[in-house]
Amino acid sequence: MNRFRARETIFRQGDPAKHVMYLQEGGVKLTVVSGTGKEAVVAILGPGDFLGEGCLAGQPNCVTTATAITPVSMLAIEKSEMVRMLHREHEFSDRFIVFMLARNIRVEEDLVDQLFNSTEKRLARMLLLLAHYGERGRPQKALRKVSQEMLAEMIGATRPRVNFFMNKFRKLGFIRYNGEIHVNKTLLTVVLHE
């Protein structure tokens, strides 16, 4: 079991890819830095999620940096052990496949969102996703440790633009915040409105 403090780096972009990690407790953000130095948040992961799975597909180096958002507990599984478990432990293999398919669907949805939706709609969707709306048994109405700057990086917008829409959502009663962001399911109206 590996433990990390909030803001501690778990692995860096470019590090050798040797492990698949299973997140047991806490939150992790995955970021990538372009050749010009621009950083983007590409995912926020929570308990039950895997990271570092690129090594299974022959990825020699990590393509993202993983940073703990909150205190984290995770299990690091060597690539060879992970391959063995996937072949021999069917329940584990099924869980991993479901995770990978769900992540693939999410990446496709994020791409469509980025290409076709307004900043306001992308922000509303991201807040709902972070609050786990639509997932059975997981709604989380309060989001901690998610700054407007991080939200801007995640949706491809500027922080002032995110601030503008956060204030609009607050005035409309879709969210409230006081150190934590509380998401009301009525925020769905922004996503569903054409």
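Quick look at the values:
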item	result
Options Thr70, Thr119: the member that is more than 16 Å from the chain's Cα centre (by Cα), farther than 13 Å from Met21 by Cβ and open to solvent by less than 50 Å² (accessible area, probe 1.4 Å)	Thr119
Unmet criterion (only one of (1) within 22 Å of Val146 (Cβ to Cβ); (2) touching a residue at least 60 places away in the same chain (Cβ under 8 Å); (3) out of contact with any Ser or Thr (no Cβ under 7 Å at 6 or more places or on another chain)) for Lys29	(3)
Scope the range 1-19; condition assigned to a strand (DSSP E or B) and of a type in the set (S, T, N, Q); matching residues	Asn2, Thr9
Test for Gln114: is it closer than 27 Å to Val32 by Cβ, polar (S, T, N, Q) and loosely packed, with under 12 Cβ neighbours inside 10 Å	yes
Output for the range 73-94, where each listed residue is open to solvent by 70 Å² or more (accessible area, probe 1.4 Å) and under 22 Å from Val42 (Cα atoms)	Leu75
Looking only at the range 29-42, and only at residues there that are out of contact with any Asp or Glu (no Cβ under 8 Å at 6 or more places or on another chain) and assigned to a strand (DSSP E or B), the one that is most open to solvent (accessible area, probe 1.4 Å)	Val42
Looking only at the range 43-67, and only at residues there that are within 16 Å of Phe11 (Cα to Cα), aliphatic (A, V, I, L, M) and open to solvent by 40 Å² or more (accessible area, probe 1.4 Å), the one that is modelled with the highest pLDDT	Val63
Leu101 open to solvent by 50 Å² or more (accessible area, probe 1.4 Å), closer than 30 Å to Phe174 by Cα and either modelled with pLDDT under 90 or not in a strand (DSSP E or B) (or both)	no
Members of the range 152-194 that are of a type outside the set (S, T, N, Q) and open to solvent by 90 Å² or more (accessible area, probe 1.4 Å)	Arg159, Pro160, Arg161, Phe164, Arg170, Lys171, Leu172, Arg176, Lys185, Leu192, His193, Glu194
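A quick yes/no check of all residues on (1) part of a strand (DSSP E or B); (2) farther than 17 Å from Ala17 by Cβ; (3) not β-branched (Val, Ile, Thr):
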| position | (1), (2), (3) |
| --- | --- |
| Gln59 | no, no, yes |
| Val63 | no, no, no |
| Leu75 | yes, no, yes |
| Ser80 | no, no, yes |
| His87 | no, yes, yes |
| Glu91 | no, yes, yes |
| Asp110 | no, yes, yes |
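The values are calculated or read from the model by the stated rules, or taken from the named source; none is laboratory data. Owing to the predicted nature of the structure, the values given are computational and were not obtained by experimental measurement. Positions of Cβ are generated from backbone atoms using ideal geometry, with glycine treated the same way; all protein chains shown enter the neighbour counts. These accessible areas exclude ligands, DNA and RNA; they are computed on the full protein's heavy atoms, side chains included. Shrake-Rupley method; radii C 1.70, N 1.55, O 1.52, S 1.80 Å.
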